[in-house]
Every structure is written in structure tokens, then in C-alpha cells.
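Written out below as C-alpha cells is the structure these notes cover.
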């Protein structure tokens, strides 16, 4: 793994890959993002044409909760399993969990597909199972899957979008059903270690399953690698981890990601407390920002203006 050089700057530090140019030649986009950063913005990582640069704005611990950026990692695990023929995003989930549904449940659950899960179109009317905003002890059960399956579906599956952590807890459980491993173990062995993630941690439910929707802790530089994986249509440093077909499907059908422009070049995935993963096919750039309630909207405006 490449070592890094620390170069001090007026409003933070910039880490450059060993052997790269001096801090005076830090990419303009990263400098503009640094200048615009306010509040508790910790790190901003820019990958430009395969070279990674990180600006340290506010000193903090190395790894951060990515909050809902975790959902993109979970979607990648689903895609890797589909690439291996172990699942299809078109398949219905009921046969997988038939023995775990309660005696009485909304029959519309039988029409829910994995794609409905990935696009938050299960049929919920609102979000729930949010461990970041609520105390799960008050939910009345330590069986999170039961809480999901006893929840009513107010809409026909596929017809209504309601963003919910419950969907991606279910996605985590789908991964475990299909491969026999916890989501975090699958990601560790098949993605994180091969892509040289330095440190990581995962939140689990009381029964020991990876939450999947939030609670994944990575460094800013390592999280940016996921954007590079998408930018290169499933390839990272010459090795294919995800099929181009699944990447394209994810972007076209908006599995987790959000379109950031009207032309289909820019995409983002954000977290609830000021996290942002951004990648742009036109400029071949990735940006990852970790903060805690930093001024993400201002930083998004910088990307809109200067990364066209």
C-alpha cells in the first residue's frame, strides 16, 4: 500500500500519494472544496484520474460513520451475489423468508422483490428502524426482521417510494440468506480486504446481524474507493469486483444513488449527518466528504459549479 506525505496548507492538510506532485499543485477542485468547508467537516478526499488526494479540514479520528452511505456498500454486495448467479434482483423475497414471517402479515409482502428493497419501493408509507435517530430498546422487540415483516404495506410494492433503513436491514439479511455469511463478513472478504481498506467496523442488531442501512465505519480515503469502483464500471485497480451490467442497472434504476445532473454523468450517495460520496463520469473524478452536520449543500454547489 502506498505511504502518504503530509503537506501543511493554510486551511488544513493535504495528503498526497507517495511520488505525486507537491501540495502547491493540489487539484483546484479540492482547494475550492476546502475553501468552502464550514462547520464540522473532517476530511475531503478527491480521486482525480486515479490519483487520491485528501484534505484534512478538522482533525478527527481516522474512521467515521458513513450513515446511509452504507447502503451503497450493501447494494454492491447484492450485485456481487447477482453476478455469481446466487440471486436476481427481480426475484421475490417471500420464498426466502417464508418461515420467518409472522402468522399474520400483509399479503402484499408476497409481491415484494429485491429491486423493490433496493429502491425503497417495498410499500411502506414512511421510514422506520432508524438506529441513528431512535433508541431501539423502545421498539419492543430485539427481532428486527420481525419488526420489518409485521409492518403494514400501505402501498402496492413498486408504486411508492419511502426511504427507510428497514429496507436495507432487510437487504443485509438477504445477503446472509443467499451466501451464508454476515454482510460484513462478505464485504470484508470479497471487497474490503482486496481493495486494501485499512480499518472498518459495522453496527449489528441485537441478534448479531449487520444493520446494512447505516453504521459502517471507514476512512474517507477508503470510502472514496467505492466511488472509483463505480466510476470504472466495477473495476478497481485492474480487478473486476462488480459487473458493468450491475453498475449500469444501479445507475439507471437508482439503486441507492441519486442523480446529480440531468445528463447522467454525476451521481451521489449521502448520509444523514453530512456525508457525501460523489462521482462524475465526464470529469473522471470522485469526491468523498466526511463531516458531522457540515455545510454539505455549499460543497455540493462547488461541485455543480466547478466539476461540469
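Points to keep in mind about this one:
- Reported count of residues in the stretch 235-256, each being within 16 Å of the chain's Cα centre (by Cα), part of a loop (DSSP other than H, G, I, E, B) and without any contact (Cβ under 8 Å) to a residue 24 or more places away in the chain, is 0.
- Where helices (runs of 4 or more DSSP H) sit wholly within the stretch 103-193, those with at least 1 residues that are under 26 Å from residue 229 (Cβ atoms) occupy 114-118, 165-179, 183-187.
- Of the set (1) at pLDDT 95 or above; (2) more than 21 Å from residue 275 (Cα to Cα); (3) surrounded by fewer than 20 Cβ atoms within 10 Å (Cβ to Cβ); (4) within 22 Å of the chain's Cα centre (by Cα), all apply to residue 116 but (3).
- Taking the criterion of being touching a strand residue (DSSP E or B) at 6+ places or on another chain (Cβ under 9 Å) and farther than 22 Å from residue 191 by Cβ, the residues of the stretch 69-108 that qualify are 90, 91, 92, 93.
- Selection status of residue 215, over 30 Å from residue 284 (Cβ atoms) and surrounded by 18 or more Cβ atoms within 10 Å (Cβ to Cβ): yes
- Extreme residue, farthest from residue 280 (Cα to Cα), among residues of the stretch 44-53 that are surrounded by fewer than 24 Cβ atoms within 10 Å (Cβ to Cβ) and in contact (Cβ under 8 Å) with a residue 40 or more places away in the chain: 52
- For the stretch 257-294, a residue qualifies if it is buried (at least 23 other Cβ atoms within 10 Å of the Cβ) and either assigned to a loop (DSSP other than H, G, I, E, B) or outside the structural domain of residue 227 (by TED's automatic domain parsing) (or both), and exactly one does: 294.
- Members of the stretch 62-77 that are within 8 Å of the chain's Cα centre (by Cα) and part of a loop (DSSP other than H, G, I, E, B): 66
The values are calculated or read from the model by the stated rules, or taken from the named source; none is laboratory data. Given the structure is predicted, the values throughout are model-derived calculations rather than measurements. Glycine gets a Cβ as well: all are built from the backbone with ideal geometry, and neighbour counts include every protein chain shown.
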